[in-house]
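The values are calculated or read from the model by the stated rules, or taken from the named source; none is laboratory data. These numbers come from a predicted model, not from an experiment. Note that we place each Cβ from the backbone using ideal geometry, even for glycine, and neighbour counts take in every protein chain shown.
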Amino acid sequence: MKKIIKSAIFWTIVLIFGLILLNSQGLLKKPKNYLYSLVSPSQKSSSQIAYKISNFFYLIKNIKNLNDQNSDLKEKNLLLEGRIAQLKEIEKENEFLRKQTGLSFPAAKKLILANIIGKQPTNLGEYVFINKGQKDGVEAEAAVILPGDILVGRVKEVWFSMAKILLITDSNSLVSAIVQQTRIQGVVKGQSLPQELTLDLVLPSESLEKDQAVVSSALNDVFPQGLLIGQVEQVISSDPQIFQKAKIKPAADFNKLEKLFVIIK
């Protein structure tokens with residue numbers, strides 16, 4: 001057995017030295033090229049497979065990174081949308097304030113800007129609730145307007161931080177009024193269902209015309225003179241009646257009220 005092992009080692013050494021000698025003489029060039037040609041396709045295939053596997057994991061990693069970035073962008077987008085919405089509300093409030101300039105009543109009167117925070121069901125009356133109250137200087141019976149000196153109503157009840165506003169469309173509301181162009185006097189009454197305004201107690205001898213402006217008169221104890229109520233939309237008259245009536249188109253859109261001014265003396 002030992003002789004066999006020694007013989008194998010001997011011939012292996014002889015083979016190695018022989019290959020080294022042949023290679024140094026350039027005699028192994030053709031066999032080596034042939035061997036490389038046999039091996040290279042498999043090496044190329046293995047390299048391609050390794051490259052594809054590497055690309056696959058790289059793609060998965062990139063997809064995860066893109067998902068993370070997309071999630072971050074969505075969060076930032078939501079934050080930006082929220083800020084834009086806030087800026088738009090501020091812009092609307094500033095525009096609302098800018099409209100209320102050059103008041104027709106004495107400048108000594110003070111205005112308090114308030115937001116509507118609630119409404120009373122129509123069958124219980126035409127009321128809205130605002131977020132200003134005694135702590136802000138709001139008083140009972142104070143007049144409430146929109147930009148452009150448009151009359152909306154009056155303060156009915158006041159609490160510490162909120163108040164209840166009776167709208168002029170309520171059936172219990174009465175406003176002494178005058179037709180601006182002709183100085184015809186009357187009283188504007190509210191009607192909740194349907195939501196309407198009527199100019200009543202106009203003398204039969206007076207001539208009412210469509211589209212004439214109706215404003216608050218100096219006979220009011222609550223409302224300053226000259227606040228716009230609306231326009232004559234339809235004249236209602238009958239010979240047997242003692243007084244004339246006219247349907248008034250309100251200057252305010254009572255279905256879209258959001259912010260109001262309370263007039264403080």
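Scanning region 158-181 for residues that are assigned to a strand (DSSP E or B), farther than 15 Å from Leu219 by Cβ and either more than 31 Å from the chain's Cα centre (by Cα) or of a type in the set (Val, Ile, Thr) (or both) returns Val158, Ile165. Total residues in region 170-181 satisfying the condition of being surrounded by fewer than 17 Cβ atoms within 10 Å (Cβ to Cβ) and under 16 Å from Leu228 (Cβ atoms): the figure is 2.
Name every residue in region 244-265 that is modelled with pLDDT of 85 or more and either surrounded by fewer than 20 Cβ atoms within 10 Å (Cβ to Cβ) or not assigned by TED's automatic domain parsing to the domain that holds Asp200 (or both), in order of residue number.
Lys245, Lys247, Lys249, Asp253, Phe254, Asn255, Lys256, Leu257, Glu258, Lys259, Ile264
Cβ separations smaller than 8 Å between residues 6+ apart or across chains give the following pairs from region 182-204 residues that are in a loop (DSSP other than H, G, I, E, B) to residues that are among the small types (Gly, Ala, Ser) and surrounded by 17 or more Cβ atoms within 10 Å (Cβ to Cβ): Ser192/Gly125. Screening region 196-230 for residues that are within 20 Å of Ala143 (Cα to Cα) and either of a type in the set (S, T, N, Q) or outside the structural domain of Ile168 (by TED's automatic domain parsing) (or both) and picking the one that is surrounded by the fewest Cβ atoms within 10 Å (Cβ to Cβ) gives Gln225. Screening Ser192 against (1) over 34 Å from the mean Cα position of the chain (by Cα); (2) surrounded by 12 or more Cβ atoms within 10 Å (Cβ to Cβ) leaves a single unmet condition, (1). Considered as a group, the residues in region 128-151 that are in a loop (DSSP other than H, G, I, E, B) and of a type in the set (Asp, Glu) include one that is nearest to the chain's Cα centre (by Cα), and that residue is Asp149. Only residues that are of a type in the set (A, V, I, L, M, F, W, C), assigned to a loop (DSSP other than H, G, I, E, B) and at pLDDT below 85 were counted across region 209-242, and they come to 3.
Which ones in region 200-221 are under 18 Å from Leu174 (Cβ atoms) and in contact with a Leu (Cβ under 7 Å, 6 or more places away or on another chain)? Listed by number, the residues that qualify are Val202, Val214, Val215, Ser216.
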